[in-house]
1. Please state the charge dipole magnitude for the chain, taken about the Cα centre, from unit charges on C-beta atoms (+1 on K and R, -1 on D and E), reported in debye and rounded to the nearest 20.
2. In debye, nearest 20, what is the charge dipole magnitude of the range 1-128 about its Cα centre with +1 on Lys and Arg Cβ and -1 on Asp and Glu Cβ, if you could check?
3. With the dipole of the chain worked out from charges on the C-beta (+1 for Lys and Arg, -1 for Asp and Glu) around the Cα centre, which of LEU135, LEU164, ASN60 lies farthest toward the positive end?
4. Out of every Cα pair in the chain, what percent are spaced more than 34 Å from each other?
5. Strictly over 27 Å apart at the Cα level, which of LYS166/LYS224; LYS10/LYS95; LYS76/LYS116; LYS42/LYS93 would you flag in this model?
6. Which is farthest toward the positive dipole end of the chain among ASN145, THR115, VAL4, measuring Cα position about the Cα centre, with Cβ charges +1 (Lys, Arg) and -1 (Asp, Glu)?
7. Around PHE124, under 10 Å between beta carbons, what's the net of Lys plus Arg minus Asp minus Glu among the other residues?
8. Taking the chain as a Gaussian network, Cα atoms linked when under 10 Å apart, which of ILE120, ILE139, ILE72 shows the biggest mean-square fluctuation?
Amino acid sequence: MLTVREISCKTLLNKSDLADFTLNCYVGCSHRCLYCYARYMKRFKDRPEDWGYFVDVKVNAPEALAKQLRKIRPPKEVFMSSVGDAWQPLEAKYKLSRTCLKLLLEAGLEVDILTKSSLILRDFDLLEAYKTPSLGMTITTLDRNLQKVLEPYASESTERINTLKKAQERGIKTWVFLGPLLPEFCDTRANLEALFRAIEGLNLDRIYVDRLNPRWGVLDSLKKGLSRGGYANWRLLLYKSTNPNRYREYSRQLREKVKEYASQFHLSNKLTICF
């Protein structure tokens, strides 16, 4: 069961390495992705629930943002979001991300969106009305069974690809994040070929690819979730990820595989490898 708590915030924009600012209307995410890096937030939250089973909703987010925007002048870039998908299911009810997106665009700021949710279709009217926003979709695998284990409550990968296609039809800038490529699961030749083949026909501005980063709590989450899902090769994932020297060599080999498929599908000029 998901625990939802409505809270207030003093500020909403936070300085970040991802952009000038990140913006999070929600802390926590009901997509429950096994590999979610943001679970480190649990160390700073006095919450008994596991990550993915609670969401804090910043109900005064638009008011807090409006106050901050009075002191900010463009050009500035805002990334939505970093500790929870801004278009997770609760957004259909609260509409906080939509309201804040509108405020950002009206203020002349550039907005970079990364989501796993086709709910973003609801807000295409805002995205196409301005020239600056760009829409990114995270895609880890096209294997539906595996995706339902890794990202149980996110939109299906095919829905995300179709969302990107619809965005392009309306003149919205698009990009894709392929990752994290989990060892033994999403880094296989079959999965990489399927991913690059699926995006080959999309007129994407950018393609980012990243490996798994074994941050706080991530490997334990993957071990529990994958074993529960009947995937015995989670042991190989841990084997490759827990030794620094072994992981360094693995990463080198993965980079070469990614470059190979990007070249095969004529996407090398749009590729950024993030590791």
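Derivation of every value follows stated rules applied to the coordinates shown; laboratory data play no part. Predicted, not measured: the structure shown is a model, and the values here were computed from it. Every residue, glycine among them, receives a Cβ derived from its backbone with ideal geometry; neighbour counts consider all protein chains shown.
1. 540 debye
2. 440 debye
3. Toward the positive end, the furthest listed residue is ASN60.
4. 18 percent
5. Violating the 27 Å Cα-Cα cut-off are LYS166/LYS224.
6. Going by the charge dipole, the pick is VAL4.
7. So the environment of PHE124 carries a net charge of -1.
8. Fluctuation is largest for ILE72.
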